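Student: Here it is, the structure in full.
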Amino acid sequence: MKILIVEDEPKTGAYLQQGLVEAGFVVDLARDGLDGLHMALNGDYDLIVLDVMLPSLDGWGVLRTVRRSGREMPVLFLTARDQVEDKVRGLELGADDYLVKPFAFSELLARVRTLLRRGKSKEPEIFSAGDLELDLLRRRVTRAGTKIDLTAKEFALLELLLRRQGEVLPRSLIASQVWDMNFDSDTNVIEVAVRRLRAKVDEPFEPKLIRTVRGMGYVLEVPEAQ
């Protein structure tokens, strides 16, 4: 699950990001309203944790534009504004929850998990490309009806490639999303993982779906018929 935090106070932002990463989420952090809005409109987020008092564009404006764009991911306001009218305004603009600072991280985490569970019905359960299928709920992968056994990292890598099907994914993005690490050009962990994944989902079958784009990264797509 991928979360966007929009928080301008550096210590709070870093604390939230570290805590949510340790809880198993992929987390991006924006430090002002305009950056947060851009990321919310162009990223694939499952939830947004949003401050109200932000530089360049306040949280009200961010949420208003996000909802007008048709984006329906849950939004949790996390703010020092504790007046009833502020809470009402946030909820009326389309926020799903409202938590006042200072806060206990355990409560924030519980609310985040509750909101994500509520939104799960909108999450696709099966991703596919040609005769390749990945079932998220059953953690099952098949190709041409044949079950394929993958490790946890191979499953996560294939899920990312299928979610971003047709998009060339740089090694740095794969490293951050699947291994939660910064990409080190001296390591071949990604090349090895892709090679092992190909051996299972591509080599025994036609057509080949996973392609290397030299100098850029990897893409999963169904080739156009010749």
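Student: What FRET efficiency would be calculated for the residue pair Leu136, Lys11, taking the C-beta separation as r and a Förster radius of 30 Å, to the nearest 0.05?
Tutor: The pair Leu136/Lys11 has a calculated efficiency of 0.30.
Student: Give me the angle, in degrees from 0 to 90, between the Cα long axis of helix 105-118 and the longest principal axis of the Cα atoms of the chain, rounded to the nearest 10.
Tutor: Relative to the chain, helix 105-118 is tipped by roughly 60 degrees.
Student: Now for a separate question. Taking only protein heavy atoms into account and a 1.4 Å probe, give the accessible area per residue of the chain in Å².
Tutor: Solvent-accessible surface per residue comes out at 54 Å².
Student: Dipole of segment 1-143, Cα-centred, from +1 at each Lys and Arg C-beta and -1 at each Asp and Glu C-beta, to the nearest 20 debye?
Tutor: It works out to roughly 420 debye.
Student: Now a separate question. What is the helix-to-structure angle for 189-201, meaning the angle in degrees between its Cα long axis and the longest Cα principal axis of the chain, kept from 0 to 90 and rounded to the nearest 10?
Tutor: 60 degrees
Student: Could you give the length gained on full extension between Arg196 and Glu224, defined as 0.36 nm per residue of separation minus the Cα-Cα distance, in nm?
Tutor: 7.6 nm
Student: Now for a separate question. Which parts of segment 19-62 would a label at Leu99 reach, counting a residue when its backbone N lies under 17 Å from a point 7 Å out along Cα-to-Cβ?
Tutor: Inside the label zone: 19-30, 46-53.
Student: Okay, next question. What dipole magnitude, in Debye to the nearest 20, does segment 32-99 give about its Cα centre under +1 on Lys/Arg Cβ and -1 on Asp/Glu Cβ?
Tutor: That gives a dipole near 240 debye.
Student: Still on this structure, I have one more. Using +1 at the C-beta of Lys and Arg and -1 at the C-beta of Asp and Glu, which of Pro102, Leu41, Ala23 has the Cα lying farthest in the positive direction of the dipole of the chain?
Tutor: Ala23
Student: So, one more: Calculate what fraction, in whole %, of the accessible area of the chain sits on carbon and sulfur atoms when a 1.4 Å probe is rolled over the protein chains.
Tutor: Answer for the chain is 49 percent, counting heavy atoms of protein chains only.
Student: 222 nm [θ] for the chain, helices only, -39500 (n - 2.57) per DSSP H run of 4+, per residue, to 500?
Tutor: After summing the helix terms and dividing by the residues of the chain, the value is -12000 deg cm²/dmol.
Student: State to the nearest 20 debye the size of the charge dipole of segment 96-178 about its Cα centre, where the only charges are +1 on K and R beta carbons and -1 on D and E beta carbons.
Tutor: Charge dipole of segment 96-178: 200 debye, to the nearest 20.
Student: Over all distinct alpha-carbon pairs, what is the Kirkwood Rh of the chain in angstrom?
Tutor: Mean inverse Cα-Cα distance, inverted, gives 19.2 Å.
Student: Taking Cα pairs under 8 Å and at least six residues apart, what relative contact order does the chain come out at, in percent?
Tutor: Relative contact order here is 12 percent.
The values are calculated or read from the model by the stated rules, or taken from the named source; none is laboratory data. What you see is a predicted model; the values in this text were computed from it and never measured. With ideal geometry, Cβ positions are generated from the backbone for all residues, glycine too; neighbour counts draw on all protein chains shown. Surface areas here come from the heavy atoms of the whole protein model, side chains and all, with no ligands, DNA or RNA. Shrake-Rupley method; radii C 1.70, N 1.55, O 1.52, S 1.80 Å.
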